[in-house]
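The next block holds one structure in the form of structure tokens; read it before the comments.
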Amino acid sequence: MDKRFWAIIGVIIAIFAGVLWINGNKNDNNGQASGNAQPTSHLKGNTTSAVKFVEYGDYQCPYCAQYQPVLSQVFQKYKDTVSFQFRNLPLTQIHQNGLAGARAAEAADLQGKFWEMHDLLYQNQNSWAQSSNPLSMFDAYAQQLGLNASQFDKDFASSKVNDRINADKAEFNKTGQQLSTPTFFLNGKKITATTLDEFSKLIDEALKNK
């Protein structure tokens with residue numbers, strides 16, 4: 001009788017865990033992009049440069065937010081000589097609103113305000129990261145940026161935006177790197193740096209060898 005009781009309890013726990021996992025991932029199609037969705041191309045700086053700096057980030061990731069002041073310094077120093085790109089890598093298993101943040105940025109991009117929304121999301125991360133309804137705050141950011149609010153909400157919930165994010169995730173998976181944010185690549189090679197000087201050393205070398 002005891003064995004049957006504990007077996008039933010085990011099944012209930014397994015089902016409950018499965019439901020939680022499904023609910024946590026139901027909005028991103030398990031990371032699969034549909035159709036012919038392509039990875040995003042959010043570029044700034046010298047977009048034709050042979051030296052390409054790519055960041056994969058999660059808008060809810062506190063480390064990503066901490067990096068933003070340094071990355072801003074790196075951009076200001078190399079904006080005339082380096083191509084800078086951001087791609088989505090929401091870690092949905094640990095960041096409940098990471099996917100929502102990516103959706104907000106991509107929805108803003110469809111109205112030409114990607115980098116502006118990108119910056120607002122990181123600057124205000126503490127306000128929305130743990131919210132049960134971050135969209136209300138994203139709507140406020142959209143209004144601040146002068147976006148069409150109803151179109152923003154429509155795009156936010158669209159499969160088009162979802163596919164963009166999943167295409168970025170699929171592109172990251174091709175690198176063979178462990179899921180972690182932020183992750184930086186310089187000309188396709190993963191790099192590790194934390195300060196302006198460390199980034200500068202790596203970028204100067206890449207510029208010298210381009």
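No value in this document is a laboratory result; all are computed from the given coordinates. Bear in mind that the values here come from a model prediction, so they are computed numbers and not experimental data. Glycine also receives a Cβ, built like all others from the backbone with ideal geometry; neighbour counts cover every protein chain displayed.
Does segment 63-155 classify as rounded, prolate or oblate by the C-alpha gyration tensor (a ≥ b ≥ c root eigenvalues; a/c under 1.5 gives rounded; else a/b over b/c gives prolate, otherwise oblate)?
oblate
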- Task: Can you check how the C-alpha radius of gyration of segment 53-95 compares to 2.2 N^0.38 Å, as a plain ratio?
- Result: 1.27
- Item | Net charge contributed by nearby residues that have their C-beta within less than 14 Å of residue 122 (K/R +1, D/E -1) | -4
- Item | Cα-Cα pairs of segment 56-210 separated by more than 28 Å (percent) | 21 percent
- Item | Cross-link partners of residue 169 among aspartates and glutamates (Cα-Cα below 17 Å; sequence separation of 8 or more within a chain) | 28, 55, 58, 106
- Task: At a Cα cut-off below 28 Å, give the lysines reachable from residue 77, other chains included and same-chain residues fewer than 8 away excluded.
- Result: 44, 52, 113, 189, 190, 201, 208, 210
- Item | Where labels lie 7 Å past Cα in the beta-carbon direction, separation of residue 207 and residue 93 in nm | 3.9 nm
